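The structure under discussion appears below in the form of structure tokens.
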């Protein structure tokens, strides 16, 4: 399933890299501790987090995540957005809390399988 | 004679080295944190190492890089790739670690509030570095710096 489909179904606001919405999402990871995300997430994951600072872009780039979704309507910091545009990492914003968003995406990915 | 032997050893080792480089990291600069690790990961991919080796090396480099940014004035990562190993040396000039045993414990961290708010300083860094390496060595001197050497075996 691509990011575009998830973004449409869950009403996500796309903030950066709108040309990368065909990125394939193969799984997901939810977390705000960067070492935990670094160690346990996988390539192709959509990363759900409350962190809005620019280091999330470095993690997503390094781990080759499909994209990042910020929860609870949190906006990315300005330098985060600048970095995301430069590195071509899709950042999206959801008005849902992490628990609900994770559940919905989990179900979407499970349906697809 | 000694010099010749040294040279010979060096020549022999060099033959097996696929790649060797050193990467400088600036302490305190979170805006660039992760850039060196991203570059190293890209290099290892270009060399054609197995995905698992690239993944482990990237985690080890990233955590080391974040440690330098968080706790040291400056540091560097020396990367050496041979057909069977990825060797990662991390050398920094900084506050050092008074109690290595304690620092290795998962969940233990001396990070300040600012670092923790960013989602770093969860006391997982050194633990992750060790668990994703096949060989792990650490030494440190307070107010001087810390030295790490990790080897990740390539199957």
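Structure above, values below:
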read-out	value
Overall Cα dimensions of the range B:20-153 - principal axes, largest extent first, Å	40, 30, 25
Between 0 and 90°, nearest 10: helix B:2-16 axis offset from chain B longest Cα axis	80 degrees
Ranking of B:142, A:52 by count of other Cβ atoms within 10 Å, fewest first	B:142, A:52
25 °C / 0.890 mPa s Stokes-Einstein diffusion coefficient of the range A:1-109, Kirkwood radius on C-alpha pairs, µm²/s	186 µm²/s
Virtual spin-label span in nm between residue B:141 and residue B:82, 7 Å along Cα→Cβ	2.7 nm
Sum of -39500 (n - 2.57) over DSSP H runs of 4+, divided by residues of chain B (222 nm, nearest 500)	-13000 deg cm²/dmol
For the protein assembly as shown, share of DSSP beta bridges that run antiparallel, in % to the nearest 5	75 percent
Residue-averaged beta-carbon neighbours from other chains (10 angstrom radius) around A:55-67	5
Share antiparallel - DSSP beta bridges, chain B, percent rounded to 5	100 percent
DSSP bridge orientation in chain A - percent antiparallel, rounded to nearest 5	20 percent
Tilt relative to chain B, helix B:35-47 - C-alpha long axis, 0 to 90 degrees, to 10	30 degrees
Per-residue average of Cβ from other chains inside 10 Å of B:106-118	1
Chain A: calculated mean residue ellipticity at 222 nm from DSSP helix runs of at least 4, using -39500 (n - 2.57)	-12500 deg cm²/dmol
Relative contact order %, chain B, counting alpha carbon pairs below 8 Å whose residues are six or more apart	25 percent
Normalised convex hull volume, the protein assembly as shown, alpha-carbon set, Å³ per residue	137 Å³
Average partner coverage of B:26-32, which counts Cβ from other chains inside 10 Å	2
Degrees, to the nearest 10: B:51-71 long Cα axis against longest axis of chain B	50 degrees
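Just so you know, all these numbers are worked out from the coordinates, no wet-lab data involved. Since we're looking at a predicted model, the values are computed, not measured. When we count neighbours, we look across all protein chains shown, and the Cβ atoms used for this are built from the backbone with ideal geometry, even at glycine.
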